[in-house]
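The values are calculated or read from the model by the stated rules, or taken from the named source; none is laboratory data. All values derive from a computational prediction rather than experimental measurement. Ideal geometry is used to build each Cβ from the backbone, glycine not excepted, and the neighbour counts take in all protein chains shown. Note: accessible area is taken over every heavy atom of the protein model, side chains too, but ligands, DNA and RNA are not part of it. Shrake-Rupley method; radii C 1.70, N 1.55, O 1.52, S 1.80 Å.
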Amino acid sequence: MHFHHRLPFAGGKKYDQLNIALLTDLCSQVSADQLETITANLKRAGITLQFFLPFPVEEEDEENEEGNGGSSRQQPPYGGKGLTREQQQGVELVRQVMASLDEEGGLDEVHSFRDAIEKLSVFKRIERKPMGWQCQLTIGSSLPIRIVAYKAVTEEKIKKSWAVVDAQTHQKDDVKRETVYCLNDDNETEVSKDDTIQGFRYGSDIVPFSKVDQDQMKYKSDGKSFAVLGFAKQNQIQRHQFMGSQAIKVFAPKDDEHAGVALSALIRALDELKMVAIIRYIYDRRCNPQVGAAFPCIKEKYECLIYVQLPFMEDLRQFTFPSLENNKKFVPSEEQLSAVDSLIDSMMLVEKTEDGDTVDTFKVNQISNPQFQRLFQCLHHRAVNPDTPLPPMDSWLKTALERPQVVTARCQGSIQEMKKRFPLKEVVRKKELKTSVDIFGKGEDGEPDAKKAKDDEDDEDYSLAKISAGSITAVGSVDPARDFCTLVREKTLPFDQVCQQLTHRVEQLLAIKDTQYYGKGLACIRTFREQSIKIGNAELYNSYLQSLKKSVPTRKLEEFWDLLVPDHLTLISKDEAEGSTVSKEEAKEFMASGKEEEIKEEANTGVADVDDLFDMM
């Protein structure tokens, strides 16, 4: 037998309890001579005892019910062989020890090796004593009540302790990180950190803020606060309005009798009137204020307030949907309603026992977070076995969040009824006919009806998204290309005025000098060209593109201009629009001339080395 006695360490460290974990196969001879003395000493010292055996030990009543009163020798603990005589005597002694230590005579602390391994495979965080948040609950200016608050429910987050280390030595000190600030110029001039400040991007502009400005722009508070702003009915606080990542339980201090009486009176009054207290909550002077609701909670052993954060105006999302009751097509029949009710009843995760009590078959508070468990499993494996691949995910981890088997078996009939009452049919979308040629064929002269094709394209653009977008009166900054197309199609403004608004948005996007905004500017120019060809007005587009090309060197827009070349967003030629004065050859040379000018300029810099000249070309 092997003993593990967990004793307090030297140095005055605290401990919760003393425990003896006994791992044995019960193959040795045992004696019960001093059993009463041993159990009495264990009780007097407050020491608990656990047995870990290679086979499970059942209650005597359960064993007697199996078979025809067969003994435990018929149970194969290892996979075929029964218990030996020594093991049978050891099991009886284990029962006597546990019965003398436990008044109920149970075997809850007798575990098999398999059960122990499964339970030990779950990683648990170190339990720490909760730290109370001391404050005063104030009602008005003359009624303060001392309180202590604890986080009852909060989102658990992994403290990321990742560090960049050398791939060979695995040492953090071998890697040094340096941050260098440089100007966005040709020489990438280095700038010291003291010469930089923070800037807030506001649209296309950057508003600078120094450290002094950032400190002054923060919300200032007088410190921690838990002030009652007023009271409201509980039914006015909707469940979907709960915010935040925690729920706080508020108690009165144990050593303050007056605060306990005052807080108890407030809690019971709120409970009787079905009311909640609306609270302004500030954790400390560094934190922003919150508004929340404090609900009364009365239990057998304690009573408290439970605080939950409520949203501000900016936190709410307003949506308007049409009612399904107005459309007779979506009104369900009585059979369909009955099928849904039956499905809900069969999938209930709370069951009633014969005594009338409710039993939860899916206890979320006892389920470990699969993400944490997988991470800890991989960390443990890599620390112990650094040269081996990570293990596959455990089966119990995959099934942790699956539907209970009892519920799955129970709801099969209801699911079949749902399939019967709500049949699904595959809808094959017909190919849309875009022109009159597809519908009526060609005319007598053999030419397609171009006007009909254009009208069909306009109808195709007129979609539900355009209706839901509302009335567009100008080219906006969110989607300028779409706004430009809408204004051109609806003809609410003259074409030259709409083009002026679009080019103004393009100039704003190019001023930011960011790849993300370059993409939006590229879409605007592409749309500008397509609509100009469609209308037959090439003058405005060609003149803007020519002026843009001239400003590329001074504005340092070479990167953006290189994006125009692959898309062939060149000048509009006579072949594309009748009003254009640019030939097809000139349009091709317009994009290529920029590269040729760069090569000529570099070639004229006086480079004497022929090899360098060939490398440059």
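Here is how the numbers come out for the structure above:
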read-out: Any pair with Cβ under 8 angstrom, 6 or more apart, that starts in the range 498-520 at a residue that is under 23 Å from ASN184 (Cβ atoms) and ends at one that is among the acidic types (Asp, Glu) and open to solvent by 50 Å² or more (accessible area, probe 1.4 Å); value: THR515/GLU559; TYR518/GLU559
read-out: Test set (1) open to solvent by less than 70 Å² (accessible area, probe 1.4 Å); (2) over 30 Å from LEU266 (Cβ atoms); (3) β-branched (Val, Ile, Thr) - VAL164 fails condition number; value: (1)
read-out: When residues of the range 250-264 are limited to those that are without any contact (Cβ under 8 Å) to a residue 40 or more places away in the chain and open to solvent by less than 40 Å² (accessible area, probe 1.4 Å), the one nearest to VAL308 (Cα to Cα); value: SER264
read-out: Segments classed as strands (runs of 3 or more DSSP E), wholly inside the range 284-398, with at least 2 members that are in contact with a strand residue (DSSP E or B) (Cβ under 8 Å, 6 or more places away or on another chain) and either over 30 Å from VAL228 (Cα atoms) or at pLDDT below 95 (or both); value: 350-352, 358-360
read-out: Residues of the range 214-249 satisfying the condition of being in a helix (DSSP H, G or I) and surrounded by fewer than 14 Cβ atoms within 10 Å (Cβ to Cβ); value: GLN214, ASP215, GLN216, MET217, ASN235, GLN236, ARG239, HIS240
read-out: Considering residues of the range 477-495 that are within 12 Å of CYS524 (Cβ to Cβ) and part of a loop (DSSP other than H, G, I, E, B) only, the residue modelled with the lowest pLDDT; value: SER477
read-out: Selection from the range 561-592 of residues that are at pLDDT 85 or above and aromatic (Phe, Trp, Tyr); value: none
read-out: Condition check for ASP186: out of contact with any Leu (no Cβ under 7 Å at 6 or more places or on another chain) and not in a loop (DSSP other than H, G, I, E, B); value: no
read-out: Test: residue in the range 193-201 that is modelled with pLDDT under 85, part of a loop (DSSP other than H, G, I, E, B) and of a type outside the set (Val, Ile, Thr); value: no
read-out: Exclusive hit being under 12 Å from PHE251 (Cα atoms), open to solvent by less than 30 Å² (accessible area, probe 1.4 Å) and out of contact with any helix residue (DSSP H, G or I) (no Cβ under 7 Å at 6 or more places or on another chain), set ILE282, ILE306, ILE267; value: ILE267
read-out: Count of the range 544-583 residues which are exposed (fewer than 14 other Cβ atoms within 10 Å of the Cβ) and farther than 20 Å from VAL506 by Cβ; value: 5
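Residue-wise test of (1) assigned to a strand (DSSP E or B); (2) closer than 18 Å to VAL250 by Cβ; (3) of a type outside the set (D, E, K, R).
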| position | (1), (2), (3) |
| --- | --- |
| MET131 | no, yes, yes |
| GLN134 | yes, yes, yes |
| LEU137 | yes, yes, yes |
| SER141 | no, no, yes |
| ARG146 | yes, yes, no |
| ALA149 | yes, yes, yes |
| ILE158 | no, no, yes |
